Amino acid sequence: MPRRLPLAARIRTGRRSKRAVIRPAGASRAAWRRGVRGRVGGRPPKLNNHQIKDLIQQHADGARVPVLAKRFKVSQATVYRLLNLSHLERAPSQSSGSR
């Protein structure tokens, strides 16, 4: 059976600050650092809320997906994803009125 080290032996000191740093045993160093620095990650959205509403309205007025994709400089997959999300957000409010 592996021997557990005392707490003092499990504390790691940072090289730069020389202060004691304790991180969870299973956490990778990179993931732990991202958490400490407050970084979330991910790509910023290509379209803002006003542009998304405009895209949805243009589609409702009859604009086709390839045309919208070129107009807003996004992929067709992005247009379909935004349209599907807009239908999902509207569906509960429409179905509650029919009962």
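If the condition is being touching a Leu at 6+ places or on another chain (Cβ under 7 Å) and not in a helix (DSSP H, G or I), then segment 48-91 contributes only VAL74.
Here the condition is being modelled with pLDDT of 70 or more, within 30 Å of GLU89 (Cβ to Cβ), among the aliphatic types (A, V, I, L, M) and exposed (fewer than 11 other Cβ atoms within 10 Å of the Cβ); of ALA69, ALA60, it holds for ALA60 alone. Every condition in (1) modelled with pLDDT under 95; (2) within 22 Å of the chain's Cα centre (by Cα); (3) surrounded by fewer than 13 Cβ atoms within 10 Å (Cβ to Cβ) holds for SER96 except the one numbered (2). The residue pairs whose first member lies in segment 59-70 and is in contact (Cβ under 8 Å) with a residue 24 or more places away in the chain, whose second member is open to solvent by less than 70 Å² (accessible area, probe 1.4 Å) and not polar (S, T, N, Q), and whose beta carbons are closer than 7 Å, counting only pairs six or more residues apart or on different chains, are HIS59/LEU68; HIS59/LEU83.
Checking each residue in segment 59-68 for being within 16 Å of ASN49 (Cα to Cα) and either basic (Lys, Arg) or out of contact with any His (no Cβ under 7 Å at 6 or more places or on another chain) (or both) picks out only HIS59. Among the conditions (1) modelled with pLDDT of 65 or more; (2) open to solvent by 100 Å² or more (accessible area, probe 1.4 Å); (3) under 18 Å from the mean Cα position of the chain (by Cα), the only one that ARG3 does not satisfy is (3).
The values are calculated or read from the model by the stated rules, or taken from the named source; none is laboratory data. Worth saying up front: this structure is predicted, and the values here are computed from it rather than measured. All Cβ positions, even for glycine, are placed from backbone atoms using ideal geometry, and neighbour counts span all protein chains on display. Ligands, DNA and RNA are stripped out before the accessible areas are found, and what is left, the full protein with its side chains, is counted by its heavy atoms. Shrake-Rupley method; radii C 1.70, N 1.55, O 1.52, S 1.80 Å.
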